[in-house]
Structures are given as structure tokens and as C-alpha cells.
1. Taking into account only those residues within the stretch 3-56 that are of a type in the set (Lys, Arg) and either touching a strand residue (DSSP E or B) at 6+ places or on another chain (Cβ under 9 Å) or touching a residue at least 12 places away in the same chain (Cβ under 8 Å) (or both), which is farthest from Glu71 (Cα to Cα)?
2. Scan (1) surrounded by fewer than 11 Cβ atoms within 10 Å (Cβ to Cβ); (2) in contact (Cβ under 8 Å) with a residue 12 or more places away in the chain for the single condition Ser188 breaks and write down its number.
3. Looking at the stretch 154-172, can you tell me whether even one residue there is within 18 Å of Ser100 (Cα to Cα), in contact with a helix residue (DSSP H, G or I) (Cβ under 8 Å, 6 or more places away or on another chain), outside any helix (DSSP H, G or I) and of a type in the set (S, T, N, Q)?
4. Looking only at the stretch 90-136, filter to residues that are among the basic types (Lys, Arg) and surrounded by 12 or more Cβ atoms within 10 Å (Cβ to Cβ); which one of those is modelled with the lowest pLDDT?
5. What helices (runs of 4 or more DSSP H) lie completely within the stretch 4-95 and have 2 or more residues being over 30 Å from His274 (Cβ atoms) and among the hydroxyl-bearing types (Ser, Thr, Tyr)?
6. When you check Glu171 against the structure, is it under 30 Å from Lys190 (Cβ atoms), assigned by TED's automatic domain parsing to the domain that holds Ile230, loosely packed, with under 14 Cβ neighbours inside 10 Å and more than 21 Å from the chain's Cα centre (by Cα), yes or no?
7. Sort through Leu278, Leu242, Leu282, Leu237 and tell me the only one that's out of contact with any helix residue (DSSP H, G or I) (no Cβ under 8 Å at 6 or more places or on another chain) and either under 23 Å from Asp180 (Cα atoms) or of a type in the set (Ser, Thr, Tyr) (or both).
Amino acid sequence: MDLQQIKYFLALSRELHFWNTAGKMNITQSALSRQIQSLENQLGVQLFERNKRNVKLTAAGQFLKEKWEVELSKLEYIHQSARQIQLGESGTITIAHPDSISASLMPDILSRISDAFPKLKIKLVQVLYENQQEYLRNYKIDLAITRDINTAKDIHSEKIHTDHLAIVVPENHPYRTPQDLTKETLASQKFILPTNDEGSSYSDLIQRLFNSFENAPEVYLHSEFGSAIIALVRKGLGIAILPDSYVFHEISGIRFITLPLETDLYINWRIEDHNPVLANVLKLIIP
């Protein structure tokens, strides 16, 4: 018994006419008759009562018709899902991204993916800098959007966007423009900064900013979470340096002063990963 025989049976159970069914299934009437007889022999069940004038389902045939129609629909769904996975139209993709682009770049990226592949499931995670490459290599994530330049040979990177750094201050803070930042005024400020990760090009960028003022800031708190840093700035516990994309979070009580210092965003993935889902998503993200 094979799937095609079941399809012949279901077609005949609907038509109850060998000639009409054979025509619709593109086989000869005698071939259809042989397929039905073979199916009956394999099952040890009579499926149809037939004579020269009429064809009708037996009780066993009616039972199998009802059951097989449901099971065939399930199989068609499974086969269609497999085809969509093969084409990269369904499945799951896990994307790691920094909190700074949650309200700026990510909604646009997710909208493009969702519009193109509505059946694709997307999982968003945030991963510490030191774990990003390990998570990629171990297939814990499929894509990593980072502000750090990748040097690993087994991971490919492409620049997808550029933001600027910004000084983040409470609304009542005297800083208003980038010109207000001087060696002297910075000396009196307490900073809340992202965690200083060794080897991180983003951490180096922030350090270059302080070097340009010949200033070693007083940093009394580090955090991996920009949203937490912003909450502390709003509370008046210090000021921060963050990507200006955080302005899209629309948080009241703080002010962003954009600086003429760019911070690039890169998308990273495994070089040897030939998953069609990944390939499709990359086409939508990379400019």
C-alpha cells in the first residue's frame, strides 16, 4: 500500500465512477481498477460494492474514506512545511542584537522578514559580548548583530548600519551641546558606562572619546544593559555615553547630545552555514 493508491481510492470514493475517476487521475480505467483491487487485497478489506451499473462504498470503505481524508490533509501540510523549510520560507531563526537597536533598527528588520516569510518563527535574544562567537559556533544563535568588528575566520560579517555616540544626561543637566564637553567639565562628572569588554572595538571607541579630551572619567558603575543605564541617568545618578539609537525608546526625563563619533553595526553569521532560512534573511537585512 502506498500514498498514490490511497489517493486513487479517495478520488473514486468521491466520484463513485471508474471512468470519470480514471480521467481525472490521468490513468486508464483498467489501471485504476487494478490499483483498487491491489489495495483491497493488501488490507484484506472490501472497499467498494460494484456491478455493471453502480459503485458504492462499503461500511469499511466509508470508514477509511473519513479517516484517510483527514490523514492525507495532515500529510499534505507536513509535505508543504518541508518544502517551505527547504526553500527557507519557514522554520526558526534566532537573532542576537544589542538593546540599543530594539526600538530603532529591529522593528524595520523584523517587519521585512515577517512580510517576506510570514511562516518563519523569529527568536530574539541578547548575548554578552564574550559569548557571541561561541553562541554562533555552537548554533545557539544564527545571527548576531553587534557593534564590534569581527576578526574570527569562521564567522563572516557585514556592516549594515551606522549610529553615533551620544552623551546621555538628565533633562536638568547643564550639558546642551557637544561643545559643552571639555576636559574641565568632564572632570566633575560621574559616568555610568557599558561594561568595558577586553578586545571589544566598541569599548575601544568609548575610550578613544575620553582620550580625545585627555580625560580619565570617574566611572562608578558598569552595566551590560543600556536600558538600565538610562534609568540610572534619569534618576540623576550620573551621565552616560550610549549609541544615539536609544532616542527611539522615547524615554522622558533625559536628553541625548549626539557626538560626531560613529559607531557601526555589523551582522555576523557562520561562514559554513548553508541553511536556506539564513540565506533568505541575510538578503533582507544586508543593504
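The values are calculated or read from the model by the stated rules, or taken from the named source; none is laboratory data. Computed from a predicted model, the values in this text were never measured in an experiment. Backbone-built Cβ (ideal geometry, glycine too); neighbour counts: all protein chains shown.
1. Kept after step one, since they are of a type in the set (Lys, Arg), are these residues of the stretch 3-56: 7, 14, 24, 34, 50, 52-53, 56.
Checking which are either touching a strand residue (DSSP E or B) at 6+ places or on another chain (Cβ under 9 Å) or touching a residue at least 12 places away in the same chain (Cβ under 8 Å) (or both) leaves us with 7, 24, 50, 56.
On the way: Lys7: 11, Lys24: 22, Arg50: 26, Lys56: 22 Å.
Among them, the one singled out is Arg50.
2. The failed condition is (2).
3. The answer is no, given that none of the residues of the stretch 154-172 is within 18 Å of Ser100 (Cα to Cα), in contact with a helix residue (DSSP H, G or I) (Cβ under 8 Å, 6 or more places away or on another chain), outside any helix (DSSP H, G or I) and of a type in the set (S, T, N, Q).
4. My answer is Lys119.
5. Details: elements: 18-25, 29-43, 59-86.
Correct list: 29-43.
6. Answer is yes for this residue.
7. Result: Leu237 is the single residue among Leu278, Leu242, Leu282, Leu237 that is out of contact with any helix residue (DSSP H, G or I) (no Cβ under 8 Å at 6 or more places or on another chain) and either under 23 Å from Asp180 (Cα atoms) or of a type in the set (Ser, Thr, Tyr) (or both).
Every residue, every condition in (1) among the hydroxyl-bearing types (Ser, Thr, Tyr); (2) without any contact (Cβ under 8 Å) to a residue 60 or more places away in the chain, yes or no:
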{"site": "Glu130", "(1), (2)": "no, no"}
{"site": "Tyr135", "(1), (2)": "yes, yes"}
{"site": "Ile145", "(1), (2)": "no, no"}
{"site": "Ala152", "(1), (2)": "no, yes"}
{"site": "Leu165", "(1), (2)": "no, no"}
{"site": "Val168", "(1), (2)": "no, no"}
